[in-house]
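What follows is a set of notes on a single structure, which appears directly below.
The values are calculated or read from the model by the stated rules, or taken from the named source; none is laboratory data. Since we're looking at a predicted model, the values are computed, not measured. With ideal geometry, Cβ positions are generated from the backbone for all residues, glycine too; neighbour counts draw on all protein chains shown.
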Amino acid sequence: MTEVTGTTWNVYDANTLTQAEIYGRVLCDLAEADPRIVALTADLARSTKIGVFQDKFPQRVFNVGIAEQNLFGIAAGMAKSGLLPFVSTMSAFASMRALEQVRTDICYQNLDVKIIATHGGVSFGQAGTTHHCTEDIAIQRSLANMCVIVPADGWETANAVRAAVKRPGPVYIRLGRGFEPTHYENDDYGFEIGKAVTINEGTDITVIACGVAVYHAAEAAKLLKDQDGISVRVLDVHTIKPIDEEAILKAVTDTRRILVVEEHNVIGGLGSAVADVIAASGKGCAFAKAGLPDCYSEVGYPEDLYSHYCIDGDGIVGLVREVLHREFEADEDWEDEF
Amino acid sequence: MPLSAGDIKTLEAKAKQLRCDMVDVTVWAGGAHIGGSLSMADVLTALYYHYLDVRPEEPDWPDRDRFVLSKGHGGLGLSCVLADKGYFDKELLKEFNHFKSPFGMHLDGNKVRGVDASTGSLGHGLPMALGMAMGARFQKQAWRTYCLLGDGECDEGSVWEAAMAAHHFKADTLTAFVDRNHMMIDGRTEDVMSLEPLGEKWKAFGWEVREIDGHDLAQIGEAIEGAQAAKGAPTVIICDTVKGKGVDFMEDDVKWHYGSIDSELAARAKASIMSGTAGAARAGAPAAGGAS
């Protein structure tokens, strides 16, 4: 493991550590400075990689057993008592098993609880649909007060966890299982909640992505440039809520073709959030969403599943080519209205 | 120190007044959860007028004792107590249930001063109260946490998740009450979903269990003091109560889980409360400590 000392925080080599491991280490750093921070889990201390935190702060970890409703209820009560709970469990349980506690106990009361939802999407591939979660972005973004972040990789996870501490109120951070490829080279690229990162400039089409799809979108942009001479803008919209409307509408104006890619049902997730913004703007554009086509996921290695659902590099290349040929009603006066 | 005879007399008078307030608010609201508010009135009176260390003028005082109304539909009863304690003007309760009122049937802690947790959906209060108790201990603070559950609420699995964890974490500053009024919306608890032996269940989950007459202020006081002295385990006080307690035409009648009354019926209800004779109408009702 390569450890690098940053200006404020110890940062870690995202190429050798999983997202969740980085979460655990960043949380350790944050907890050094903030005595309010406690970590909760429901028999997933190992799977959610908070072991390093447990080693360092054994008194600050609360494992409630396999009882996710109680997990989030206790977190709400702890936040009420003045603590800053980080709750980690699998996204399926955080978003579905304990949804009402997340909604009513945490979001309705607007409490300072940070949820680290691991194994998002189909990242726990061979575990099957019960341990996949392709609904959580839709669910979580419909909860008032909730901030929803889907980091692209370990570096962005580190940034998201640090930013979540500074942001009052509930935050949902969706991670994969941890074996996803890394896009960023370090954590110093100006991460800000609610601000998309332009990771590739382009003029022909914009691919908007979150989570592991960001890496694949960047790969696809390179392939399309090399093979077709197509100029693809890639936006890492890591914050699903509050979403960066400005970056989305700029992409619509500049490229007029939008493809949204995410490891989620095509209903309700990032694609729908982007569509909301575009529809409300009154601007027409060619638009497509990639993800799971409103179905339950297949079993398999995550990379095979990403390929199956066209959210890997090759899949995105094919979709971009398709969207480039779509017709739409362009309003030539657009720019006048901006 | 046990409640004196004078304390008990004062608390009994206060409980009567609060029950009358609940009747008034039910009229203003156009309908309210009157039955379950009346059944828990004596426990609330003992807590808020003798045992809870709170400051109505400083509702967010960090060192206050916490109270979580897990049976959130008792919001009628709690709001009457909070108004009477001076958390807010009683006149505000004239808006109860009205458009954009801070007071709905289930109280919102971000809108109503003195409400330590927003509740309503059953099975949520005990986990939150446990989190508060754990938070207090973690921060080495001495305040205690009290949580009032409905008996029908004990059907919820999350209650038992929290019960198991409270024992595991030795949350001895947490005290739960079960308002055992033997009724839920669809009928008697033992007909809809049997709870008994309820005390044995809590015991099996590792709690100190006290079973009392939930309308006997001396017993309530003694049980709370026992809970405060208990070390190493949380305490549950199962309060045998009567739904609609104090109002002759409401007692032990499931239809008063939620009901509307006009001013004429309210006058009759208040007369019944003040006369203190309603219990006589309960022939055949369960005796204190027993199961129905």
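Here are the numbers for the structure shown:
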{"quantity": "Pair list, Cβ < 7 Å and 6+ apart or interchain, from region B:97-109 residues that are within 14 Å of chain A (Cβ to nearest Cβ) to residues that are assigned to a loop (DSSP other than H, G, I, E, B) and of a type in the set (Gly, Ala, Ser)", "calculated": "B:106/B:120; B:107/B:118; B:108/B:118; B:109/B:117; B:109/B:118"}
{"quantity": "Check on residue B:32, surrounded by 24 or more Cβ atoms within 10 Å (Cβ to Cβ), farther than 26 Å from residue B:130 by Cα and of a type in the set (Gly, Ala, Ser)", "calculated": "yes"}
{"quantity": "Filter result (over 16 Å from the mean Cα position of the chain (by Cα) and either surrounded by fewer than 16 Cβ atoms within 10 Å (Cβ to Cβ) or assigned to a helix (DSSP H, G or I) (or both)) within region B:1-16", "calculated": "B:1, B:2, B:4, B:5, B:6, B:7, B:8, B:9, B:10, B:13"}
{"quantity": "Residue in region A:27-37 that is touching a helix residue (DSSP H, G or I) at 6+ places or on another chain (Cβ under 7 Å), more than 17 Å from residue A:175 (Cα to Cα) and in a strand (DSSP E or B) present", "calculated": "yes"}
{"quantity": "Subset of region B:118-136 (residues that are over 16 Å from residue B:155 (Cβ atoms) and facing chain A (nearest Cβ under 7 Å))", "calculated": "B:118, B:128, B:129, B:130, B:131, B:132, B:134, B:135, B:136"}
{"quantity": "Residues of region B:111-121 classified as out of contact with any strand residue (DSSP E or B) (no Cβ under 8 Å at 6 or more places or on another chain) and over 14 Å from residue B:87 (Cβ atoms), total", "calculated": "3"}
{"quantity": "Any hit, region B:96-110, residues being more than 30 Å from residue B:5 (Cα to Cα), part of a helix (DSSP H, G or I) and not β-branched (Val, Ile, Thr)", "calculated": "no"}
{"quantity": "Test: residue B:52 is under 12 Å from the mean Cα position of the chain (by Cα) and either touching a residue at least 60 places away in the same chain (Cβ under 8 Å) or surrounded by fewer than 24 Cβ atoms within 10 Å (Cβ to Cβ) (or both)", "calculated": "no"}
{"quantity": "Index of the failed condition, residue B:151 passing every other in (1) under 15 Å from the mean Cα position of the chain (by Cα); (2) within 12 Å of chain A (Cβ to nearest Cβ)", "calculated": "(2)"}
{"quantity": "Residues (within 22 Å of residue B:195 (Cβ to Cβ) and within 10 Å of chain A (Cβ to nearest Cβ)) located in region B:160-173", "calculated": "B:160, B:161, B:162, B:163, B:164, B:165, B:166"}
{"quantity": "Lone qualifier among B:112, B:159 - being surrounded by 23 or more Cβ atoms within 10 Å (Cβ to Cβ) and either modelled with pLDDT under 95 or within 19 Å of the chain's Cα centre (by Cα) (or both)", "calculated": "B:159"}
{"quantity": "Check on residue B:142, within 24 Å of residue B:53 (Cα to Cα) and more than 7 Å from every other protein chain (Cβ to nearest Cβ)", "calculated": "yes"}
{"quantity": "Tally, over region A:38-57, of residues that are surrounded by 23 or more Cβ atoms within 10 Å (Cβ to Cβ) and either assigned to a helix (DSSP H, G or I) or outside the structural domain of residue A:151 (by TED's automatic domain parsing) (or both)", "calculated": "1"}
{"quantity": "Residue within region A:225-233 that is hydroxyl-bearing (Ser, Thr, Tyr), part of a loop (DSSP other than H, G, I, E, B) and not assigned by TED's automatic domain parsing to the domain that holds residue A:319 present", "calculated": "no"}
{"quantity": "Test: residue B:44 is farther than 23 Å from residue B:211 by Cα and not in a loop (DSSP other than H, G, I, E, B)", "calculated": "no"}
{"quantity": "Residues of region A:234-260 that turn out to be farther than 16 Å from residue A:192 by Cα, in a helix (DSSP H, G or I) and of a type in the set (D, E, K, R), as a count", "calculated": "2"}
{"quantity": "Residues of region A:203-213 that turn out to be buried (at least 22 other Cβ atoms within 10 Å of the Cβ) and assigned to a loop (DSSP other than H, G, I, E, B), as a count", "calculated": "3"}
{"quantity": "Where a residue in region B:168-196 is within 16 Å of residue B:40 (Cβ to Cβ) and its partner, wherever it lies, is at pLDDT 95 or above and in a helix (DSSP H, G or I), with Cβ under 6 Å and at least six apart", "calculated": "B:175/B:227; B:177/B:43; B:179/B:39; B:181/B:39; B:182/B:189; B:184/B:152; B:184/B:192; B:189/B:152"}
{"quantity": "One residue from B:267, B:233, B:271 being among the hydrophobic types (A, V, I, L, M, F, W, C), outside any helix (DSSP H, G or I) and modelled with pLDDT of 95 or more", "calculated": "B:233"}
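Matching residues to (1) without any contact (Cβ under 8 Å) to a residue 12 or more places away in the chain; (2) under 20 Å from residue B:178 (Cα atoms); (3) of a type in the set (Ser, Thr, Tyr):
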position	(1), (2), (3)
B:228	no, yes, no
B:238	no, yes, no
B:241	no, yes, yes
B:245	no, yes, no
B:253	no, yes, no
B:269	no, no, no
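Yes or no, residue by residue, for (1) crowded, with 23+ Cβ neighbours inside 10 Å; (2) touching a Leu at 6+ places or on another chain (Cβ under 8 Å); (3) of a type outside the set (Val, Ile, Thr):
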| position | (1), (2), (3) |
| --- | --- |
| B:137 | no, no, yes |
| B:142 | no, no, yes |
| B:145 | yes, yes, no |
| B:165 | yes, yes, yes |
| B:172 | no, no, yes |
| B:176 | yes, yes, yes |
| B:186 | no, no, yes |
| B:195 | no, no, yes |
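This table checks each residue for (1) modelled with pLDDT of 95 or more; (2) assigned by TED's automatic domain parsing to the domain that holds residue A:151; (3) among the hydrophobic types (A, V, I, L, M, F, W, C).
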residue: A:250; (1), (2), (3): yes, no, no
residue: A:255; (1), (2), (3): yes, no, no
residue: A:260; (1), (2), (3): yes, no, yes
residue: A:277; (1), (2), (3): yes, no, yes
residue: A:287; (1), (2), (3): yes, no, yes
residue: A:306; (1), (2), (3): yes, no, no
residue: A:338; (1), (2), (3): no, no, yes
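For every residue, the table says whether it meets (1) closer than 18 Å to residue B:229 by Cβ; (2) aliphatic (A, V, I, L, M); (3) modelled with pLDDT of 95 or more.
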{"residue": "B:165", "(1), (2), (3)": "no, yes, yes"}
{"residue": "B:169", "(1), (2), (3)": "no, no, yes"}
{"residue": "B:172", "(1), (2), (3)": "yes, no, yes"}
{"residue": "B:198", "(1), (2), (3)": "no, yes, yes"}
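Okay, residues lined up against (1) crowded, with 21+ Cβ neighbours inside 10 Å; (2) closer than 30 Å to residue B:120 by Cβ:
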position: A:102; (1), (2): yes, yes
position: A:124; (1), (2): yes, no
position: A:136; (1), (2): yes, yes
position: A:139; (1), (2): yes, yes
position: A:144; (1), (2): no, yes
position: A:157; (1), (2): yes, no
position: A:170; (1), (2): yes, yes
